[in-house]
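Accompanying notes for the structure given below.
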There are 2 protein chains.
Amino acid sequence: MEEINVQHLPFELTKEFLEEIRQLIIDQAKDEIIAKIEDLFPADITSILYELNGDESKYLVQLLDTKIAAAIISALDTDDRKKFLKNFTSKEISAYINIVDSDDAVDILNEQPVRIREEVIALLKDREQARFIIDLMHYDEDCAGGLMQKELIKINVTQTVTECVEEIRRQAEDVEKVFSVYVVDDDGILLGTVSLKKIILAKRGSKIQDVYEADEIVSVQTYSTGEEVADLMQKYDLEAIPVVNIQGRLLGRITIDDVVDFITESAQEDIQVMAGISEDVEEDDSVWLLVRSRLPWLIGGMVGSFLAAKIIDRFDDTIALLPAISAFIPLIGSTGGNVGIQSSSLIVQSLADKSGLDTTLWKRLQKVFVVALINALIAAIFAFGCSMLIDSGEIMLSITVSLSLFAVVMLASLMGTITPLVLNQLKINPAVASGPFITTTNDILGYGVYFMIVYFLL
Amino acid sequence: MEEINVQHLPFELTKEFLEEIRQLIIDQAKDEIIAKIEDLFPADITSILYELNGDESKYLVQLLDTKIAAAIISALDTDDRKKFLKNFTSKEISAYINIVDSDDAVDILNEQPVRIREEVIALLKDREQARFIIDLMHYDEDCAGGLMQKELIKINVTQTVTECVEEIRRQAEDVEKVFSVYVVDDDGILLGTVSLKKIILAKRGSKIQDVYEADEIVSVQTYSTGEEVADLMQKYDLEAIPVVNIQGRLLGRITIDDVVDFITESAQEDIQVMAGISEDVEEDDSVWLLVRSRLPWLIGGMVGSFLAAKIIDRFDDTIALLPAISAFIPLIGSTGGNVGIQSSSLIVQSLADKSGLDTTLWKRLQKVFVVALINALIAAIFAFGCSMLIDSGEIMLSITVSLSLFAVVMLASLMGTITPLVLNQLKINPAVASGPFITTTNDILGYGVYFMIVYFLL
């Protein structure tokens, strides 16, 4: 007798569970497999698929109800989904595409070769869905048009709450998540919204006209960037945002779950850029992909270092006379790199945060200058002390190191501030400026300054 | 005559608008100010406040309806809010705290000195709100208990849809956003949820028993971490997640807007950690704060470099004989740093991503080893070529450089892999391993290896 116990804990995939499923698939034990997974959420079944091979996954998914299978396929990662769907025919794929949300449908189809894409669209039973998909395919993946879905509930401003409830009923299957109903005029121009809470509390006979909120409307254009969408939804705490065209006609909506994914991916991308990884990779990607994503900046950094080597090599007579000079090369290089990244990441952060007025370049530089000056002074004094300890007595060397460090901190702060601003103007992700690029540039500049000061003072 | 035009564009704060508002405040032109801002969203008025001084802000906020003023105060940043509320008495603050959501109320009060906190709670008119606040104050800010709010709609499983609608009506003021109604038993144990869509479509007389979804329930415990909450909500595409105690009693809920803020802040924090910034600062913070947040890692990195200088200094006889050795110091240092950060950030990323089975340490290291080996080989060959070009003829030097680089890439990959895993075990944010810490460590190790090889080969 199993004790009935309300289980609130999320599903966690274990090795044992996976082995059982695998064995059941080998045994083709359909009923037992279904019994084991039918209580799971689609997203949990997705995490099982990640661990199965292509044939096993297909077998498992085909045992499931088409609706659940479609939800599972929507939840898969791009790369895994591509591999997974290779085992399916266009006809099989079209059965799933028929019922997923239109935005997910477009994402899935865009991963497929053109031939499969066309075949699947032609095979779709739901012609409205086909129209939705063709419509959405025009938009760039990362703009509002590419993030939106066509599924939403809209109602004419002249209708009643009762008619609105009927519309919700009619579309209950197609529109899974309803947060509010969009109110439009005869031309389809978005006028406002009514929340479901309001609909529940309104008298059934009331006119939409009298209950909808006309002033509580924030919308975006199809060409708005993903960042703009995310900023607005975050600023106004929205669960969904309507997308309109230039005339204000309602075209679709973007739901918060897609924006959360977008925010997470953007943050991931910035971190990879800062780490000098040039492709979107994960630890469990192939060795070849991992090597390829890391080589460009590895080699790029090395090229920079060889340029630095060229500079240092010119001073080998000086170094031969006073080898202690070379002991401070790491200090100059790494301090320049650290300061540069500190400066640039603050600028990148404030470029991303759009609340408040923009700081003018001039005010920005003034502040950076003061902060850099204080840090440079403290660093220079500290360096003077430490280098006196290491090469006691060599006071001229200590002065040289200290002076160079001062210059390097100032220069690296300036570079770290200007580079992301310039990149941003050029529409390049400014986070690039917090990566190996700024370190390498600052290294070279730093060595140049150091050896110039060495040349003049020593 | 102004043409009436449906305006879907978000509000953007301009200098002119701000100047006008400032002037109107000086003129104490109440009605004009209200006319100018009454159509704005609270979040937009918040962005105006950021640009005003304390007295101006207070004057503006006190012109507004208490409800809107409370929403504005909820939306302020921690630092700005602290400054802003300094101008208010405990009684004034309590009027706002009385109506904000309980989770925001706790955040606001936690920023205040203990005396003010106690006074405000004692002055609250809404005693239920006071109870909510005292209850929530027990929890740590970043766990589920600290993120949750007490405002939610719950209904006993034995009640009817009609009673449920009445409950929504009764709480319409207190619970601003309703996504679904939580269904509990007589002991308050969470049994399931009913979406508002279902309530709209259900017959009014139906029993909750017959319409609620018992199997579609994902909840968290009060002690679940913010990351766990964010992962679950993202995985299952939830707008709100219920929080229960160990017996399964419903205690509160966490809404997606708070989780979006949490995700954004965590990503920000990781980037700051990677950039070697030790406090949560923004570009527009005070110079002193900016200096202070950057100095620890600046000095930390310098200490590392002086250790490196100590190592290099021991070899000054060798360097005096062959000064070209020193030209390759930057190559060794920066390659080690770059490789270390590449490795560690991949590990940090996969530690954060909890889908699928955990990779075992052994499998992880095997893969890292293969990737490192390929990169190390390519880097070593490239370095051999380049160093032959720079110091043509010095074949032994080129071999030394190439061999050292091979060792450095291997070593830095290993360090970059192990450090975040160890930090994670110690419950320290593993992103620390992608910051100056790993660069500095790898620098020192790299120079050690390089000069050891120099010593043996040259």
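The values are calculated or read from the model by the stated rules, or taken from the named source; none is laboratory data. Note that this is a predicted model, so its numbers are computed, not measured. All Cβ positions, even for glycine, are placed from backbone atoms using ideal geometry, and neighbour counts span all protein chains on display. Protein only, heavy atoms only, side chains kept; ligands, DNA and RNA dropped before computing areas. Shrake-Rupley method; radii C 1.70, N 1.55, O 1.52, S 1.80 Å.
Of all residues in region A:392-449, those satisfying the criterion of being of a type in the set (S, T, N, Q), more than 25 Å from A:Glu227 (Cβ to Cβ) and in a helix (DSSP H, G or I) are A:Ser398, A:Thr400, A:Ser402, A:Ser404, A:Ser413, A:Thr439, A:Thr440, A:Thr441, A:Asn442. Restricted to region B:320-335, and to residues that are in contact with an Asp or Glu (Cβ under 9 Å, 6 or more places away or on another chain) and in a helix (DSSP H, G or I), which residue is most open to solvent (accessible area, probe 1.4 Å)? Among them, the one singled out is B:Ser334. Every residue in region A:70-97 that is over 26 Å from the mean Cα position of the chain (by Cα) and either among the aromatic types (Phe, Trp, Tyr) or within 19 Å of A:Ile37 (Cα to Cα) (or both), please. Scanning region A:70-97 gives A:Phe88, A:Tyr96.
For every residue, the table says whether it meets (1) within 11 Å of chain A (Cβ to nearest Cβ); (2) touching a strand residue (DSSP E or B) at 6+ places or on another chain (Cβ under 6 Å); (3) surrounded by fewer than 18 Cβ atoms within 10 Å (Cβ to Cβ); (4) at pLDDT 90 or above.
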{"site": "B:Glu3", "(1), (2), (3), (4)": "no, no, yes, no"}
{"site": "B:Lys15", "(1), (2), (3), (4)": "yes, no, yes, no"}
{"site": "B:Ile33", "(1), (2), (3), (4)": "no, no, no, yes"}
{"site": "B:Ile48", "(1), (2), (3), (4)": "yes, no, no, no"}
{"site": "B:Ile73", "(1), (2), (3), (4)": "no, no, no, yes"}
{"site": "B:Thr78", "(1), (2), (3), (4)": "no, no, yes, no"}
{"site": "B:Ile97", "(1), (2), (3), (4)": "no, no, no, yes"}
{"site": "B:Ser102", "(1), (2), (3), (4)": "no, yes, no, yes"}
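Whether a residue is in a helix (DSSP H, G or I), free of Cβ contacts under 8 Å to residues at least 40 places away in the same chain and not assigned by TED's automatic domain parsing to the domain that holds B:Ala172 was assessed, and B:Ile45 passes this test. Here is a check on your reading of the model: is A:Gln234 open to solvent by less than 50 Å² (accessible area, probe 1.4 Å) and within 7 Å of chain B (Cβ to nearest Cβ)? So A:Gln234 fits the description; yes.
Of the numbered criteria (1) of a type outside the set (S, T, N, Q); (2) modelled with pLDDT of 85 or more; (3) open to solvent by less than 60 Å² (accessible area, probe 1.4 Å), the one B:Ile26 fails is (3). Report yes if some residue within region B:304-312 is open to solvent by less than 20 Å² (accessible area, probe 1.4 Å), of a type in the set (Ser, Thr, Tyr) and in contact with a Pro (Cβ under 6 Å, 6 or more places away or on another chain); otherwise report no. There is at least one residue in region B:304-312 that is open to solvent by less than 20 Å² (accessible area, probe 1.4 Å), of a type in the set (Ser, Thr, Tyr) and in contact with a Pro (Cβ under 6 Å, 6 or more places away or on another chain). Take the conditions (1) more than 12 Å from chain B (Cβ to nearest Cβ); (2) touching a Ser or Thr at 6+ places or on another chain (Cβ under 7 Å); (3) more than 18 Å from B:Ala275 (Cα to Cα); A:Met415 misses just one of them, which is (3).
If you go through region A:336-352 and pick out every residue that is facing another protein chain (nearest Cβ under 7 Å) and either closer than 14 Å to A:Pro436 by Cα or surrounded by fewer than 22 Cβ atoms within 10 Å (Cβ to Cβ) (or both), you end up with 6.
Within region B:91-109, the set of residues being in a helix (DSSP H, G or I) and of a type in the set (A, V, I, L, M) comprises B:Ile93, B:Ala95, B:Ile97, B:Ala105, B:Val106, B:Ile108, B:Leu109. Which of the residues spanning region A:317-335 are more than 7 Å from every other protein chain (Cβ to nearest Cβ) and modelled with pLDDT under 90? The answer is A:Asp317, A:Thr318, A:Leu321, A:Leu322, A:Ile325.
Of all residues in region A:246-269, one or more are closer than 30 Å to A:Leu191 by Cβ, of a type in the set (Gly, Ala, Ser), facing chain B (nearest Cβ under 7 Å) and not in a helix (DSSP H, G or I). Does region A:270-299 hold any residues that are more than 8 Å from chain B (Cβ to nearest Cβ) and outside any helix (DSSP H, G or I), and which are they? Passing the criteria: A:Ser278, A:Glu279, A:Asp280, A:Asp285, A:Ser286. So is A:Asp270 assigned by TED's automatic domain parsing to the domain that holds A:Leu295, at pLDDT below 90 and not polar (S, T, N, Q) or not? No: the conditions fail for A:Asp270.
If the Cβ limit is 7 Å and pairs must be 6+ apart or interchain, which residue in region B:211-223 that is facing another protein chain (nearest Cβ under 7 Å) and within 19 Å of A:Asp39 (Cβ to Cβ) pairs with which residue that is hydroxyl-bearing (Ser, Thr, Tyr) and surrounded by 14 or more Cβ atoms within 10 Å (Cβ to Cβ)? As it stands, the answer is B:Ile217/B:Thr193; B:Val218/B:Tyr236, since those pairs meet every condition given. Can you tell me which residue is farthest from A:Glu167 (Cα to Cα) among those in region A:188-210 that are away from chain B (no Cβ under 11 Å) and modelled with pLDDT of 90 or more? Residue satisfying both the conditions and the ranking: A:Asp210.
Yes/no matrix, rows are residues, columns are (1) aliphatic (A, V, I, L, M); (2) closer than 30 Å to A:Gln234 by Cα:
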{"position": "A:Ile325", "(1), (2)": "yes, no"}
{"position": "A:Ile329", "(1), (2)": "yes, no"}
{"position": "A:Ile332", "(1), (2)": "yes, no"}
{"position": "A:Gly337", "(1), (2)": "no, no"}
{"position": "A:Arg364", "(1), (2)": "no, yes"}
{"position": "A:Lys367", "(1), (2)": "no, yes"}
{"position": "A:Val370", "(1), (2)": "yes, no"}
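Among the criteria (1) at pLDDT below 90; (2) open to solvent by 10 Å² or more (accessible area, probe 1.4 Å); (3) within 19 Å of A:Gly416 (Cβ to Cβ), the one B:Val281 does not fulfil is (2). Cβ-Cβ contacts under 7 Å between residues 6 or more apart (or on different chains), taken from a first residue in region A:76-89 that is within 18 Å of A:Asp285 (Cα to Cα) to a second residue that is modelled with pLDDT of 90 or more and charged (D, E, K, R), are listed as A:Thr78/A:Glu111; A:Arg81/A:Glu111; A:Lys82/A:Glu111.
Condition check ((1) of a type in the set (Lys, Arg); (2) more than 24 Å from A:Val229 (Cβ to Cβ)) across all residues:
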site: A:Val120; (1), (2): no, yes
site: A:Lys125; (1), (2): yes, yes
site: A:Asp142; (1), (2): no, no
site: A:Gly146; (1), (2): no, no
site: A:Glu151; (1), (2): no, no
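Hey, among the residues in region B:402-423 that are hydroxyl-bearing (Ser, Thr, Tyr) and touching a residue at least 60 places away in the same chain (Cβ under 8 Å), which one's surrounded by the fewest Cβ atoms within 10 Å (Cβ to Cβ)? Ranking the candidates gives B:Thr419 first.
A:Val259 falls short on exactly one of the conditions (1) over 28 Å from A:Val157 (Cα atoms); (2) in contact with an Asp or Glu (Cβ under 7 Å, 6 or more places away or on another chain); (3) open to solvent by less than 10 Å² (accessible area, probe 1.4 Å), and that condition is (2). Screening A:Tyr50 against (1) under 17 Å from A:Ser94 (Cβ atoms); (2) touching a Gly at 6+ places or on another chain (Cβ under 7 Å) leaves a single unmet condition, (1).
One residue stands out in region A:35-46 among those that are open to solvent by 60 Å² or more (accessible area, probe 1.4 Å) and more than 9 Å from chain B (Cβ to nearest Cβ): the one that is modelled with the lowest pLDDT, namely A:Glu38. Filtered by the rule that a residue be under 16 Å from A:Val422 (Cβ atoms) and either within 11 Å of chain B (Cβ to nearest Cβ) or touching an Asp or Glu at 6+ places or on another chain (Cβ under 8 Å) (or both), region A:438-458 gives A:Ile438, A:Asn442. Taken together, the residues in region B:198-231 that are open to solvent by less than 50 Å² (accessible area, probe 1.4 Å), outside any loop (DSSP other than H, G, I, E, B) and touching a Cys at 6+ places or on another chain (Cβ under 8 Å) amount to 3.
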